[in-house]
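What follows is a single structure, written as structure tokens, with notes after it.
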Amino acid sequence: MKDTRKPAKRTAAIDKTSVGWTDDEVAAMKHRAQELKAEARASKNRADGERDLLAAIDAMREPDRAMAKRLHAIVEANAPALWPKTWYGMPAYARDGKIVCFFKSAEKFNSRYATFGFEEAANLDEGAMWPTSFALTELTAADEARIGALVKKAVS
């Protein structure tokens, strides 16, 4: 027996066009895909992660670049077991594949200050409440000492 049914006619206007993704959104998605690949590489090879981290720092403008370089030296000196990598395009340091601490530049996020922060993998618990990120406009010797102590505690 032959099927004689016909498809239903559309009543909605066909000339409506979908807006879709903007060029900026497409570029952001491609950039994020590249970052995910770089993060995966960094989880397997410390040297690749450090190369990506240093490239991210070099791409920053001053004063963020100077702070990120100094923070990199502080983290390396106080927690050599952490692996350098990028995280959302920013310098970060991981243990067992989990981010422990990170730097977020002021320029990239149009903020008046940069941020040095800690994620859940950091052992910084202090009672029922403790800070997880710090605003930075500059790094003094006292700030560097405090960050070094926090990084040591974070990996303890």
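The values are calculated or read from the model by the stated rules, or taken from the named source; none is laboratory data. Predicted model only: the values in this text are computed from it and were never measured. FYI the Cβ positions are ideal-geometry reconstructions off the backbone, even for glycines, and counts take in every protein chain you see.
Any idea which residue in the stretch 76-118 is modelled with the highest pLDDT, counting only those that are over 17 Å from Leu54 (Cβ atoms), part of a loop (DSSP other than H, G, I, E, B) and aromatic (Phe, Trp, Tyr)?
That would be Tyr113.
What residue, of Arg65, Arg51, Arg112, Arg70, is out of contact with any Cys (no Cβ under 7 Å at 6 or more places or on another chain), surrounded by fewer than 12 Cβ atoms within 10 Å (Cβ to Cβ) and charged (D, E, K, R)?
Answer to the selection: Arg112.
Are there any pairs, at least 6 apart or on different chains, whose C-beta atoms fall under 6 Å, with the first in the stretch 140-153 and in contact (Cβ under 8 Å) with a residue 24 or more places away in the chain and crowded, with 18+ Cβ neighbours inside 10 Å and the second of a type in the set (A, V, I, L, M) and not in a helix (DSSP H, G or I), and if so, which?
Val151/Ala79
Name the pairs: first residue in the stretch 26-40 and in contact (Cβ under 8 Å) with a residue 40 or more places away in the chain, second residue in a helix (DSSP H, G or I), Cβ to Cβ under 7 Å, at least 6 apart or on different chains?
Ala38/Asp52
For residues that are more than 16 Å from Asp143 (Cα to Cα) and crowded, with 16+ Cβ neighbours inside 10 Å, tally how many sit in the stretch 73-100.
The total comes to 16.
Condition check: part of a helix (DSSP H, G or I), closer than 30 Å to Arg95 by Cα, at pLDDT 80 or above and among the small types (Gly, Ala, Ser). Does Ala28 satisfy that? Steps first, please.
Working: part of a helix (DSSP H, G or I): yes; closer than 30 Å to Arg95 by Cα: yes; at pLDDT 80 or above: no; among the small types (Gly, Ala, Ser): yes.
No, not satisfied.
Would you check which residues across the stretch 34-55 are modelled with pLDDT under 85 and assigned to a helix (DSSP H, G or I) and list them?
Within the stretch 34-55, Gln34, Glu35, Leu36, Lys37, Ala38, Glu39, Ala40, Arg41, Ala42, Ser43, Lys44, Arg46 meet the criteria.
Checking the conditions here, which among Ser133, Ser156 is touching a residue at least 12 places away in the same chain (Cβ under 8 Å), exposed (fewer than 11 other Cβ atoms within 10 Å of the Cβ) and either more than 19 Å from the chain's Cα centre (by Cα) or over 15 Å from Ala66 (Cα atoms) (or both)?
On the way: Ser133 fails: exposed (fewer than 11 other Cβ atoms within 10 Å of the Cβ).
Criteria check complete, one pass: Ser156.
Out of Thr11, Thr22, Thr4, Thr17, which single residue is among the hydroxyl-bearing types (Ser, Thr, Tyr), farther than 12 Å from Gly89 by Cβ and modelled with pLDDT of 85 or more?
After ruling out the rest, the residue left standing is Thr22.
Closer than 21 Å to Arg32 by Cα, within 12 Å of the chain's Cα centre (by Cα) and touching a residue at least 40 places away in the same chain (Cβ under 8 Å), is that true of Pro91? Quick ask: steps written out before the conclusion?
Values: closer than 21 Å to Arg32 by Cα: yes; within 12 Å of the chain's Cα centre (by Cα): yes; touching a residue at least 40 places away in the same chain (Cβ under 8 Å): no.
It is false that Pro91 is closer than 21 Å to Arg32 by Cα, within 12 Å of the chain's Cα centre (by Cα) and touching a residue at least 40 places away in the same chain (Cβ under 8 Å).
What number of residues within the stretch 66-89 satisfy the criterion of being of a type in the set (A, V, I, L, M) and in contact with a helix residue (DSSP H, G or I) (Cβ under 8 Å, 6 or more places away or on another chain)?
7
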